[in-house]
Structure formats: C-alpha cells, structure tokens
1. In the stretch 1-29, how many residues are in a helix (DSSP H, G or I), modelled with pLDDT under 95 and open to solvent by less than 20 Å² (accessible area, probe 1.4 Å)?
2. Yes or no: Pro242 modelled with pLDDT under 80 and in a loop (DSSP other than H, G, I, E, B)?
3. Can you give me the number of residues within the stretch 210-236 that are modelled with pLDDT of 50 or more, open to solvent by less than 50 Å² (accessible area, probe 1.4 Å) and either in contact with a His (Cβ under 7 Å, 6 or more places away or on another chain) or under 25 Å from Ala144 (Cα atoms) (or both)?
4. Out of Gly62, Gly49, report the one residue that is under 13 Å from the mean Cα position of the chain (by Cα) and open to solvent by 20 Å² or more (accessible area, probe 1.4 Å).
5. Scan the stretch 160-178 residue by residue and report those that are open to solvent by 40 Å² or more (accessible area, probe 1.4 Å), of a type in the set (A, V, I, L, M, F, W, C) and assigned to a loop (DSSP other than H, G, I, E, B).
6. Return only the number of the condition from (1) surrounded by 12 or more Cβ atoms within 10 Å (Cβ to Cβ); (2) within 24 Å of Val228 (Cβ to Cβ) that Leu182 does not satisfy.
Amino acid sequence: MSLRWAFRYSQWHPTKEEWMLAASCLQKEEAERISKFMFKRDAKASLCGRLLLRKAVHDLLGLPYESIQFGRTDKGKPFLNLQGIYIHSQQENQIGSNSKLSLNVSHQQFTDYEWRNIRKYFTEDEQLESFYRYWCLKESYVKALGIGIANDLRAFEFHPQEDEVPTTGVIANTVLHVNRVLQKNWIFEESRLDNKHLVAVALCPHDNGDESGQDKPSDTKEIIAAPVVTLNFQDLVSSAVPFNIVDDNYWNKYSVKSEKPNLA
C-alpha cells in the first residue's frame, strides 16, 4: 500500500487544546525536542511530521497507537522499534516541498547543468519554479537516504525529461546521476499539491548489497503513484491515543514564540 499525505501546517494555528492533544500523542523525548524550536513554524512542522509517521504505522500495520516507538539513527533518520527489533525501510517515500530560498545564494547547491536549466527561463517566476523543482528532488533524495541536506548537493544531479510538472497527474521519468553515474533503479514521482506547491517522492531500491542499485532489477517501476491526500488536524489525530503527559507549561512555551524569523 502506498500513502501520499500532506498537511498544511503553515495554515494551522492550533488552539491550546489542539497543541496539548498533539503533544500528548508523541513520545516524551520527541515532544521535548519539539518544544526547543525557536519558531512556531518549525515546531509545527516537526510535530505534524511525527504525527503523520505514527498515523501511517498505526493505519498500515495495525499496531496499538501507544505502543509505537520510534528511534533515530546517528544521522537523524527515524526507524521503528518493534519489540526490540529495529526496522526501517530501504524503499522509502519521501516528500519535499518548495521552500523560501533565494536564487542569489543557492547556486552552490546545484551543478552547472542544473543551474543552466534553472536560469534558462526568462521570468523570475519561471526560474523560481524550476529552482523549487530541483530543490524538491534533491531534498527527497537525501531524506530517503537519511544523510541530511547539509551534504554536498552537487554530488548528485537530476535530469528532468519534462520541462514542467503537469498541473494534474504524476510524472516519473526524471533521472538521477550520482558522481556522473546513472542510477537506474531510482524513481522520482513529481506532482503538484496546487499551483504553489511541488511534490517530489523518492523511491529507492531494496538493499541487495549494492547501495547505488544501478545494475539490479527493481520492482519500483511497477509502482502506480497514489494521489496526494491533504489531511486536516482532525484527520491527523483521528486514530491517535494520548499517552504522554504534558502540562500547561508546554503550551506556554509554544504560545510566546514568533511564527517565523523576521527577515525585514
């Protein structure tokens, strides 16, 4: 079964009751980590991401909600701890969405080939959309690997076969080169949430001893992309069971934060 869920956390302005409920449905260490974010925007993004993970495991595997335990690798990648057995998927679906980054400072994150493709458009809006598309692809790849966005993003290069992501449907013919070597088994499904948000989903090969997966047969070609379903907060907690105790101070620490940095 394939899941494609989205939650518009920037449009969610939680009440005290919602924030407390959400935190009570997370592991204690995760709730504490989220409370340390400087801005509401980042705290909401992290909290909603954890709730999405728990909902996915509960809905797909049927595990009791309160028994679901996640850990993190040394690179920060989440894994499921099931009765002492550590499970993480080598075929992960990771979504990257466009973010507010400046074209003027981001050239160093792209190869010369990618940058030429970004800058070939005449208008700034077209260049920004192309930039966001490449950024989504790169972010989906590093998240699938669990290596983090801080790595050298120029080590891998994307070659879209379509100039634009269609307004409806999914395309999956963009190819990846790592250190100039074609990665045949990687699939990147691209679509749109709306006219302002691009989605890239990275499908990585099974671990058969070759990390690149460039010479192995893969069943990822057979995957039919599921549509992205936008959830609201009630959907997010529909199967959640509170098990972590949080007090009013948790809300107080959140409520005094700024929504995002003031860049004026």
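1. Qualifying residue count, the stretch 1-29: 0.
2. no
3. Qualifying residue count, the stretch 210-236: 5.
4. Gly49
5. Those that are open to solvent by 40 Å² or more (accessible area, probe 1.4 Å), of a type in the set (A, V, I, L, M, F, W, C) and assigned to a loop (DSSP other than H, G, I, E, B): Val170, Ala172.
6. Only one criterion is unmet by Leu182, namely (2).
The values are calculated or read from the model by the stated rules, or taken from the named source; none is laboratory data. Please read these numbers as outputs of a predicted model, since none were measured by experiment. Here Cβ is always computed from backbone atoms with ideal geometry, including for glycine, and neighbour counts include all displayed protein chains. What goes into the accessible areas is simple: the full protein's heavy atoms, side chains included, and nothing from ligands, DNA or RNA. Shrake-Rupley method; radii C 1.70, N 1.55, O 1.52, S 1.80 Å.
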